[in-house]
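Reading through the structure tokens given below for one structure.
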Amino acid sequence: MIGPIEPWGFLVLCGCALGVYLFIRRCALHGLDGMLFSRVGTWILIWSFACARASHVFLYRWEAYRDHPLDMFKIWEGGFSSYGGFFGAAIVAIYYARQHRINFWPLADAGIYAFMWGWTIGRTGCFLVHDHPGRISNFVLATEMRLQTIGDTHPVIHARHDLGLYDGLLSLAISLFYFWGDRKTRFAGFYFCWGVIFYSVPRFFLDFLRATDLSWSDSRYAGLTPAQYGSVLLLGIGVWSLSVCMKNDRP
């Protein structure tokens, strides 16, 4: 807490506000309907949060929620899967574009451009509360965290990788790449394709740094986290989308 303010919730709210502003601005830049956000943007936010929560419950913490199912609705206690949110938002955007016969790629470009800047702000909140602890490390960016490890009766302070910090730096780098990309006209889908490729590859390897010595460590399936499987899927989508968009080559 910073006084009466809970930093994670506040910065996530700021990230959403920034994302909304940039999405509306990018839609206008692409010549999309100025009222587009009021129709699709609200549903994107709702479904992204709903899918992020559902993914967290069923893929990451099902053993904890199975015996206390009502706890899955306690969203104020945290617990959201980023990839669940990504795919939830994408499903709504694709459905809306098909229903209203809107070219999906400019819509996707506007969405991911806005999202990356907002995500950077939100991940700053994750870093401040250290809710994505990694392995114990003496790395220069490692952060001291007071956590209870398996076998300990009391929380212990260790310097650990902070995945919230690393993911925020990754999204900031992609956002700055987008800023550079605005220097000239790009083909439709440019921001979406390169954004998902540049995000998915580092994110896959970053998840190997997640903590495994905590009682609530992320679930693994065949040695990989759900986010790593999501990264592989996202990379495939990015490569396929890039081949389609470069073939069309429409500004």
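Indicate the gyration tensor shape class of the stretch 46-193 (rounded, prolate or oblate), computed on the Cα atoms with a ≥ b ≥ c the square roots of the eigenvalues: a/c under 1.5 is rounded; otherwise a/b larger than b/c is prolate and the rest oblate. Can you show the working numbers first?
Values: a/c = 3.65, a/b = 1.46, b/c = 2.51.
It is oblate, given that a/c is not under 1.5 and a/b is not larger than b/c.
Rounded to whole Å, give me the distance from the Cα center of the stretch 77-153 to that of the stretch 167-233.
The distance from the Cα centre of the stretch 77-153 to that of the stretch 167-233 comes to 9 Å.
From the phi angles alone, apply the Karplus equation (6.51, -1.76, 1.60; θ = phi - 60°) to the stretch 114-126 and give each ³J(HN,Hα) in whole Hz, x where the residue is Gly or Pro.
Working through the residues one at a time gives 5, 4, 4, 5, x, 5, 4, 5, x, 5, 4, x, 4 Hz.
Angle, helix 226-248 long axis vs. longest principal axis of the chain, Cα atoms, 0 to 90°, nearest 10?
10 degrees
Of the peptides 24-30, 114-120, how do they stack up when ordered by the mean number of other Cβ atoms within 10 Å, highest first?
With the highest mean Cβ count within 10 Å placed first, the list reads 114-120, 24-30.
Compute the long axis of helix 190-206 from its Cα atoms, compare it with the longest principal axis of the Cα atoms of the chain, and write down the angle in degrees, 0 to 90, nearest 10.
The angle comes out near 20 degrees.
Quick one: net charge around VAL140, please, counting Lys, Arg +1 and Asp, Glu -1 for every other residue with C-beta under 14 Å from its C-beta.
Combined, the nearby Lys, Arg, Asp and Glu give -1.
GLN148 to ARG135: extension gain in nm, 0.36 nm per residue of separation minus the Cα-Cα distance?
Result: 3.4 nm gained on full extension.
Order of TYR229, TYR166 from fewest to most other C-beta atoms within 10 Å?
TYR229, TYR166
If packing is taken as the mean number of other Cβ atoms within 10 Å per residue, what is the order of 66-73, 136-143, 231-238, highest first?
231-238, 136-143, 66-73
Quickly work out the ASP67-to-MET246 label distance, labels modelled 7 Å from Cα along the C-beta direction, and quote it in nm with one decimal.
Taking the two extended label points, one gets 5.3 nm.
Which residue, TRP180, TRP216, TRP105, tops the fluctuation ranking in a GNM of the chain built on C-alpha contacts under 10 Å?
With Cα springs under 10 Å in the chain, the top fluctuation among TRP180, TRP216, TRP105 is at TRP180.
For the chain, what does -39500 (n - 2.57) per DSSP helix run (n ≥ 4), summed and divided by total residues, give at 222 nm, in deg cm²/dmol to the nearest 500?
Value at 222 nm, helices only, nearest 500: -19500 deg cm²/dmol.
FYI, it's all coordinate maths here, none of it is from the lab. Since the structure is predicted, the reported quantities are computational estimates derived from the model, not experimental observations. Reconstructed Cβ throughout: ideal geometry from the backbone, glycine too, with neighbour counts over all protein chains shown.
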